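Visitor: First, the structure itself, so that you have it in front of you.
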Amino acid sequence: ISVNSLVEDALSLYDRERGLPEWVDLKTTLSSDLPAISADPDLMFQVLQNLILNAVEAMESTRTGGLVVSTSQVCLRENKYCTISVSDEGDGVPEHLRDAIFEPNVTTREAGSGLGLVIVRDIVHKHSGHIRLHSQEGEGATFEVLLPVADENPGDRE
């Protein structure tokens with residue numbers, strides 16, 4: 001499936017008519033010519049919905065801020081990955097929670113269950129991918145999902 005199509009579909013849920021708050025400054029930067037990934041579109045849609053919702057909620061206290069969703073391709077240990085990054089201008093993840101943010105019952109919100117990022121992590125791992133957090137307190141957060149590029153020659157495997 002196309003990574004950019006996944007992102008566009010997820011963002012279509014949050015367009016101005018369907019609930020993206022008017023104070024959110026949404027920007028997308030989608031790389032062209034990305035290779036396909038092997039992924040369940042419904043599960044990846046759930047990942048993106050969760051990350052986008054978390055980003056919006058991270059900025060609710062100020063009711064202002066930018067949300068950037070971008071795609072790219074990287075090599076990591078000689079493997080090619082497509083990346084999807086969701087960045088916000090919220091308060092960021094406190095340093096004492098960064099190592100545990102993907103564990104059950106860890107949340108930065110009073111009403112949060114602490115399960116959303118656990119589900120995201122599990123779905124990404126089931127797709128042989130990785131998820132990384134980049135955050136500075138007071139400067140927002142970026143969640144980066146790395147998904148392996150689809151095998152272009154599946155018949156070559158032994």
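The values are calculated or read from the model by the stated rules, or taken from the named source; none is laboratory data. As the structure is a computational prediction, the values presented were derived from the model and not from experiment. Glycine also receives a Cβ, built like all others from the backbone with ideal geometry; neighbour counts cover every protein chain displayed. What goes into the accessible areas is simple: the full protein's heavy atoms, side chains included, and nothing from ligands, DNA or RNA. Shrake-Rupley method; radii C 1.70, N 1.55, O 1.52, S 1.80 Å.
Visitor: I'm told S70 meets every condition in (1) open to solvent by less than 40 Å² (accessible area, probe 1.4 Å); (2) not in a strand (DSSP E or B); (3) not aliphatic (A, V, I, L, M) except one. Can you identify the failing condition by its number?
Guide: Going through (1) open to solvent by less than 40 Å² (accessible area, probe 1.4 Å); (2) not in a strand (DSSP E or B); (3) not aliphatic (A, V, I, L, M) one by one, S70 breaks only (2).
Visitor: List pairs: first residue in segment 21-45 and under 24 Å from H125 (Cβ atoms), second residue open to solvent by 60 Å² or more (accessible area, probe 1.4 Å) and assigned to a loop (DSSP other than H, G, I, E, B) anywhere in the structure, Cβ distance under 7 angstrom, at least six positions apart or on different chains.
Guide: Final answer for the pair search is A36/I1; I37/I1; A39/I1; P41/I1.
Visitor: What do you reckon, is E110 surrounded by fewer than 16 Cβ atoms within 10 Å (Cβ to Cβ) and modelled with pLDDT of 85 or more?
Guide: On the way: surrounded by fewer than 16 Cβ atoms within 10 Å (Cβ to Cβ): yes; modelled with pLDDT of 85 or more: no.
No; evaluated as a whole, the condition is false for this residue.
Visitor: I'd like to verify a number: residues in segment 14-39 that are of a type outside the set (A, V, I, L, M, F, W, C) and loosely packed, with under 13 Cβ neighbours inside 10 Å, how many? I'd like the intermediate steps shown before the answer.
Guide: In the first step, residues of segment 14-39 are kept if they are of a type outside the set (A, V, I, L, M, F, W, C); the result is 14-19, 21-22, 25, 27-29, 31-33, 35, 38.
Checking the rest, the ones that are also loosely packed, with under 13 Cβ neighbours inside 10 Å come to 15-19, 22, 25, 27, 29, 32-33.
Result for segment 14-39: 11.
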